[in-house]
Each structure stands twice: as structure tokens, then as C-alpha cells.
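The values are calculated or read from the model by the stated rules, or taken from the named source; none is laboratory data. Please read these numbers as outputs of a predicted model, since none were measured by experiment. Here Cβ is always computed from backbone atoms with ideal geometry, including for glycine, and neighbour counts include all displayed protein chains.
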Amino acid sequence: MQMQRIRVAYGKKNFISEWNVIVTARDEAYERTYTLLGRFSPIAKTGYINVLVMRVDDFREFFDKIMEEIGKDPDILRYVISRIAPARQTFGFEEKDDLRKKAGEIVLGWQDRIENRSFHVRMHRRGLKGRMDSREEEALIGKTVAEALQREGKTCTVDFEDPDLIIDIETLDHRAGISLWTREEMQQYPFLRLD
């Protein structure tokens, strides 16, 4: 079977600002990760060590292709790809208050999915060193969600051991992506590696 041509995004203006997937490669496998995933969707290198970005139109199809590759070579997750973080929604932000506000608005839109379930927020930050603390942002956004549900007479539990859901926030400089993943999705797609 002939390998598909890699669709490289270098010539595309502002591609990095249009990402909706962040990929972290293993140290020795950056080029291999780039080549492997570049067969499925436009991909670009970033200025961060072992970090790539992609623009994926159909997550389900993308996930199926990755799982097919992992089925052929289970060592991909041990020696090639560290993690893949798709973002269901993306947005630009200026400073941490802006990030917190925008992420909070998106997460509050998921209240019906979070109600009566356990969750926690996980942030993976690239850039803005010294200007934003990931753990602080995780705690504040989680608290915002829990308090909003309580005000409406609903409940949820913050759980770091075995949550029903994880809210994943990924940042690359002043762009963020956010997703809500269920325990079942995390088991089905081991490349997510949220914690």
C-alpha cells in the first residue's frame, strides 16, 4: 500500500493559529510523529520542544485512524507519541483573566453533562511562563463550575483519583483549546493521557 503524501502546513498563513489538536512527541520520535500524523491531517511544527499542532475536521475519523495505527504497532504510545489533545472548542485570549472567563463560559455550557458527576480540570500550558499558573487556573475554573451548579441546586464532585469527566484545557501562547472527556472516552482513546 502506498503511503499518502504528507500535507504540510508550512505555506499556509496563520496555520498555527488555527489548530484544534496539540500533539506531544516522545523525545527521540519528533520527526516520526510528524510524519505519521501528517498522513491524516495538516500538521505543523511549533517553537516548543516536541510540540506539534494539527487542524482536524473530523475527530471520529482521526481517532479511528490513530487507533488503527496503534493496533498495528502498540509501541507507538510508548516510543513515538506521548499524547494527543484534541480541542472541541478553541479561542484566543490575552491574559489569564481572559482565559479564565472564556474557558469558564464554555465549561458552564456543559453543566448538564457535569451535573451529578465527578470531574476535575487539567491544564497543559505552553508559553506565558511566569504569567500563568496551570494549577491555579485548574482550581479556579473547577470552583467556578461547582459553585454555578450549587447556585442552581445541582451537585457535582471534584475528584482527582477516578473522575467521571476531565475538562482538558490546552494552551499554546495566546490560543487555547478545551474539551470535556468522559471516563469511557479516556479508556477508549489511550493517546489522550489527560493526567
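For GLU170, are the conditions met, namely being of a type in the set (Asp, Glu) and either under 14 Å from the mean Cα position of the chain (by Cα) or at pLDDT 90 or above (or both)?
So GLU170 fits the description; yes.
Looking only at the stretch 119-159, count every residue that is over 24 Å from TRP19 (Cβ atoms) and in a loop (DSSP other than H, G, I, E, B) and tell me the total.
Count: 6.
Do you know which residues across the stretch 136-151 are over 16 Å from the mean Cα position of the chain (by Cα) and without any contact (Cβ under 8 Å) to a residue 40 or more places away in the chain?
Residues satisfying the conditions are GLU136, ALA139, GLY142, LYS143, ALA146, GLU147, LEU149, GLN150, ARG151.
Can ILE76 be described as over 17 Å from ILE167 (Cβ atoms) and surrounded by 14 or more Cβ atoms within 10 Å (Cβ to Cβ)?
Yes: the conditions hold for ILE76.
Regarding the stretch 166-173, can at least one residue be identified that is in a strand (DSSP E or B), closer than 20 Å to ASN116 by Cβ and in contact with a Leu (Cβ under 8 Å, 6 or more places away or on another chain)?
yes
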